[in-house]
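This report concerns only the one structure given below.
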Amino acid sequence: MAKKEETINIVDGFAEFKELKNIDKTTMISVLEESFRSVLAKMFGSDENFDVIMNPDKGDCEIYQNLEVVPDGEVQDPNKQISVTDAHNDPDDPDPDCEVGEEHVKKIDFAKFGRRAILNLRQTLASKILDLEKDAVYTKFKDLEGELVTGEVYQLWKKEILLLDDDKNELLLPRDQQIPTDQYHKGDTVRAVIDRVDNKNNNPKIMVSRTSEAFLRRLFELEVPEIHDGLILIKAVARIPGERAKIAVESYDDRIDPVGACVGVKGSRIHGIVRELRNENIDVIPYTTNPALFIQRALSPAKISSIRLNEESKHAEVFLRQEEVAQAIGKGGLNIKLASMLTGYEIDVYRDLDDNEEDIYLDEFSDEIDTWVIEALKDMGCATAKAVLNTPKEELIEKADLEENTVDDVIRILKAEFED
């Protein structure tokens, strides 16, 4: 009787494990049956002539072996056959009326096979449940890609951080997916977005990110009810993590100001997002289907004088007054880079010329000055010859990151044009 109880306890024990791991009842019963059959196949060479019946309500399992009744002395495979006399006198399941050619059903007490068989069953069952758990984790988090998740810092490594969510699922935050100014200690709470879920060799890895555009989108959905409710739509996002971001929004309700709703009263809504992003500056602009106007808004706070578009090549030439050029480009070129990312246009900035002012755009010198040098000068806000000549030589060397002899050659070429 003790051995019978031990077999039942095996099933009960794993039933409790099932509840802990959120494996549904039907699946668990199937796994239990497969595990018993796997062990039976190892012991008897095959499980074909066995019936395994799970009793979830009782928490036990019944096993029956179906044996062909053969004449005495003609048993060739004792795992599939039984002599007629042995069937009549079976101490556990006697069948005095059975005849040759019929089937004798013998109930199997699994516990009688000993501790090794029970241990084998436990190991098989544990392995199958582990595989199920991995499949469940992969399926769950694969469906959550792009969604926010919160975890506690459990381990810090050089290239990544291990987080645990509330269900103790492992989340990996790689170094290149952290905001540059992020600093964590064990036990810290971290919010991120599920970036991707890999399942190589049935070993799911959940990778999270704090630098992706999706993270910024989800934070706005969390902080701005109108976005969560679908009244305001995020049309485009551009980020340089830890530095600056631009987000274009559109309202489906004319009564709602999309920018005002995102910023909140005295910045109440956007401040929480900025703090989460380690003081990353965020520009919220109203979206428009007019590409010229969209580019103009994306380059804010600079004020554009005029713009020339090539919609086929997605290229824009923007003209501004000299004092607006630096704002359009922004510190380190961040503003123009983000505007290009947001609008999908490659943007070139030029200084707007007065009608009586003679000047030449640097692009006109491409046959004498290397293109990469011209682009470096344009990136620092010098799009014309006079803009370069009016900028101190030391500033050209430092901001455009050019060698002194290169700058000397450029100045010489530009001066020669005006002397002529």
**Request:** Search the stretch 295-346 for residues being in contact with a strand residue (DSSP E or B) (Cβ under 6 Å, 6 or more places away or on another chain), at pLDDT 90 or above and not aliphatic (A, V, I, L, M), and hand back the single one that is most open to solvent (accessible area, probe 1.4 Å).
**Result:** GLU346
**Asked** Restricting the stretch 356-367 to residues that are surrounded by 13 or more Cβ atoms within 10 Å (Cβ to Cβ) and part of a loop (DSSP other than H, G, I, E, B), which is nearest to the chain's Cα centre (by Cα)?
**Response** ILE360
**Prompt:** In this structure, does VAL84 turn out to be closer than 22 Å to VAL197 by Cβ, surrounded by 15 or more Cβ atoms within 10 Å (Cβ to Cβ) and of a type outside the set (D, E, K, R)?
**Reply:** no
**Residue list for the stretch 89-144, filter: without any contact (Cβ under 8 Å) to a residue 24 or more places away in the chain, under 19 Å from ALA41 (Cα atoms) and open to solvent by 80 Å² or more (accessible area, probe 1.4 Å)** = ARG115, ARG116, LEU119, GLN123
**Request:** Mind listing just one residue for me: the one in the stretch 368-401 that is assigned to a loop (DSSP other than H, G, I, E, B) and buried (at least 20 other Cβ atoms within 10 Å of the Cβ) and, of those, modelled with the lowest pLDDT?
**Result:** GLY381
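Being part of a loop (DSSP other than H, G, I, E, B) and touching a residue at least 60 places away in the same chain (Cβ under 8 Å) is the filter here; which residues of the stretch 226-259 pass it?
Kept after step one, since they are part of a loop (DSSP other than H, G, I, E, B), are these residues of the stretch 226-259: 229-231, 241-243, 252-257.
Answer for the stretch 226-259, where residues must be part of a loop (DSSP other than H, G, I, E, B) and touching a residue at least 60 places away in the same chain (Cβ under 8 Å): PRO241, GLY242, GLU243.
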**Request:** For the stretch 155-172, name all the residues that are under 24 Å from ASN202 (Cβ atoms) and in contact with a Lys or Arg (Cβ under 7 Å, 6 or more places away or on another chain).
**Result:** LYS159, GLU160, LEU172
**Item:** Of all residues in the stretch 139-162 being out of contact with any strand residue (DSSP E or B) (no Cβ under 6 Å at 6 or more places or on another chain) and not in a strand (DSSP E or B), the one that is nearest to ALA192 (Cα to Cα)
**Value:** GLY146
**Prompt:** Is there a residue in the stretch 302-324 that is in contact (Cβ under 8 Å) with a residue 60 or more places away in the chain, over 25 Å from the mean Cα position of the chain (by Cα) and either farther than 26 Å from LEU362 by Cβ or not in a loop (DSSP other than H, G, I, E, B) (or both)?
**Reply:** yes
**Message:** Which condition from (1) within 30 Å of PHE294 (Cβ to Cβ); (2) open to solvent by less than 10 Å² (accessible area, probe 1.4 Å) is the one that ARG239 breaks?
**Reply:** (2)
**Message:** Going by what's in this entry, would ARG218 be described as in contact with a strand residue (DSSP E or B) (Cβ under 7 Å, 6 or more places away or on another chain), within 22 Å of TYR138 (Cβ to Cβ) and in a helix (DSSP H, G or I)?
**Reply:** yes
**Single unsatisfied condition, ILE336 versus (1) touching a Pro at 6+ places or on another chain (Cβ under 9 Å); (2) assigned to a helix (DSSP H, G or I)** = (1)
**Item:** Residue selected from the stretch 163-212 under the condition over 11 Å from the mean Cα position of the chain (by Cα) and assigned to a strand (DSSP E or B), by the criterion surrounded by the fewest Cβ atoms within 10 Å (Cβ to Cβ)
**Value:** THR189
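Condition check ((1) out of contact with any Cys (no Cβ under 9 Å at 6 or more places or on another chain); (2) charged (D, E, K, R); (3) modelled with pLDDT of 95 or more) across all residues:
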| position | (1), (2), (3) |
| --- | --- |
| PHE220 | no, no, yes |
| ILE232 | no, no, yes |
| ALA238 | yes, no, yes |
| ARG255 | yes, yes, no |
| GLY264 | yes, no, no |
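The values are calculated or read from the model by the stated rules, or taken from the named source; none is laboratory data. Treat the numbers as computed from the prediction; the structure is a model and nothing was measured. Glycine also receives a Cβ, built like all others from the backbone with ideal geometry; neighbour counts cover every protein chain displayed. Accessible surface areas use protein heavy atoms only, side chains included; no ligands, DNA or RNA. Shrake-Rupley method; radii C 1.70, N 1.55, O 1.52, S 1.80 Å.
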